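**Q** One structure follows; several queries about it will come next.
The values are calculated or read from the model by the stated rules, or taken from the named source; none is laboratory data. Keep in mind that this is a model prediction, so the values were computed, not measured. Here the Cβ positions follow ideal geometry from the backbone for every residue, glycine too, while neighbour counts run over all protein chains shown. Remember, those area values only see protein heavy atoms, side chains included, never the ligands or the DNA or RNA. Shrake-Rupley method; radii C 1.70, N 1.55, O 1.52, S 1.80 Å.
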Amino acid sequence: MKVFLSICFLAIFYISFYSCSKDIATVSQSHTTKIDTIFPKSYFPTYPGSWWTYSNGATMKTDKYVDLRYNKNDYRTTPEYEEYVLPRLLAKSIFYDTVYVKGYSLSTCGGTCGSYFVPILCDPNGDCGEGHWDYFSGHQWSLAIWKTDTSVVINPTIYSHTLITLQYDAGYFGIGMNNAEQYWMTREYYTKDIGLIKREERNTPFDTVITTKFTLVSYHINK
C-alpha cells in the first residue's frame with residue numbers, strides 16, 4: 001500500500017501529534033476506559049516473537065505487547081481515553097517503521113494521542129472498515145474483498161485459505177468507476193494463520209502493468 005500506508009501515515013502522525021499535545025493539557029479532567037489485550041486475528045497473526053521475511057529483503061517482526069491510550073474525542077473537548085494492550089509490529093519497508101496492531105487495523109501512534117487506525121485488510125465476513133481520506137494525495141482509500149478462501153502458489157509453496165484484498169480510490173466511483181476489481185491500486189494476499197504473503201501494485205487505476213512488490217520467503221508464528 002505505498003500511497004495509503006506511507007503518505008497517509010504522515011498525515012496521521014501530524015494529526016495524532018497535535019491531538020496529543022492538546023490531550024496532555026486536559027488529562028486531569030479525562031476519563032479512561034481500560035480494555036483487555038487485543039489479540040491478533042487469524043489472517044494477520046502478529047503474536048510477539050513472530051516474524052516474516054520477504055523477497056524485497058525486508059523482515060517484519062512483532063517484539064511485544066504494549067500498553068497504549070487513545071483519545072476517542074476531538075481535541076477541543078474533554079479527552080475520553082481507551083486503553084489497549086496491542087502487539088507492536090516492526091514493519092519497515094512493508095507498512096511503516098513501527099506500527100501497533102488492532103485486529104486488522106494499524107496505528108503509528110505509540111503514546112497518548114488521537115485514536116486513528118487504518119484498516120489493512122477485510123475481515124472474511126465482509127467487514128472492510130471505513131475508508132480514509134488522504135489529504136496529501138487527494139485520494140479516498142477504501143478496501144474490498146476480491147477472493148476468500150482461495151489458494152495461491154508462490155513457487156514452490158501452495159498457500160491455502162488465502163484472502164485477497166483490493167485497495168481502491170473511492171473517489172473514482174463518483175465518475176462511474178464503480179468496480180473495485182477493475183480499478184484497484186494495491187492488491188494484497190493474506191493467508192490464514194500466516195499473514196501477508198504477497199503485494200501487487202499498479203500506478204493508476206487504468207494501468208495494465210501489475211508490479212509484484214514482494215512475496216513471502218519464510219516465516220515463524222509464535223502462537
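**Q** Check off (1) assigned to a strand (DSSP E or B); (2) modelled with pLDDT under 90 for Gly126 and give me the number that stays unchecked.
**A** Going through the list (1) assigned to a strand (DSSP E or B); (2) modelled with pLDDT under 90, Gly126 breaks only (1).
**Q** So which residues in segment 46-71 are farther than 24 Å from Asp36 by Cβ and touching a strand residue (DSSP E or B) at 6+ places or on another chain (Cβ under 8 Å), if there are any at all?
**A** Trp51, Trp52, Thr53, Tyr54, Ser55, Asn56, Ala58, Thr59, Met60
**Q** Regarding Pro79, is this residue modelled with pLDDT of 95 or more and either buried (at least 16 other Cβ atoms within 10 Å of the Cβ) or closer than 27 Å to Arg199 by Cα (or both)?
**A** Spelling it out, it is not the case that Pro79 is modelled with pLDDT of 95 or more and either buried (at least 16 other Cβ atoms within 10 Å of the Cβ) or closer than 27 Å to Arg199 by Cα (or both).
**Q** Looking only at segment 187-223, filter to residues that are assigned to a loop (DSSP other than H, G, I, E, B) and of a type in the set (Val, Ile, Thr); which one of those is surrounded by the most Cβ atoms within 10 Å (Cβ to Cβ)?
**A** Within segment 187-223, the match that is surrounded by the most Cβ atoms within 10 Å (Cβ to Cβ) is Ile194.
**Q** Checking Glu181 against (1) farther than 19 Å from Tyr159 by Cβ; (2) out of contact with any Asp or Glu (no Cβ under 9 Å at 6 or more places or on another chain); (3) part of a loop (DSSP other than H, G, I, E, B), which single condition isn't satisfied?
**A** Failing condition for Glu181: (3).
**Q** If you don't mind, there's one more thing I want to ask. I need every pair where a residue in segment 191-208 that is without any contact (Cβ under 8 Å) to a residue 40 or more places away in the chain and hydroxyl-bearing (Ser, Thr, Tyr) has its Cβ under 8 Å from the Cβ of a residue that is surrounded by 19 or more Cβ atoms within 10 Å (Cβ to Cβ) and in a loop (DSSP other than H, G, I, E, B), sequence separation at least 6 or different chains.
**A** Close Cβ pairs satisfying both conditions: Thr204/Met185.
**Q** Let me ask something else. Return the residues of segment 54-76 that are open to solvent by less than 30 Å² (accessible area, probe 1.4 Å) and either touching a helix residue (DSSP H, G or I) at 6+ places or on another chain (Cβ under 8 Å) or in a strand (DSSP E or B) (or both); say none if nothing qualifies.
**A** Result: Tyr54, Met60, Thr62, Val66, Leu68, Tyr70, Asn71.
**Q** Right, here's the next one. Please go through segment 147-170 and pick out each residue that is modelled with pLDDT under 90 and farther than 18 Å from Val118 by Cα.
**A** Asn155 - this is the single residue of segment 147-170 that is modelled with pLDDT under 90 and farther than 18 Å from Val118 by Cα.
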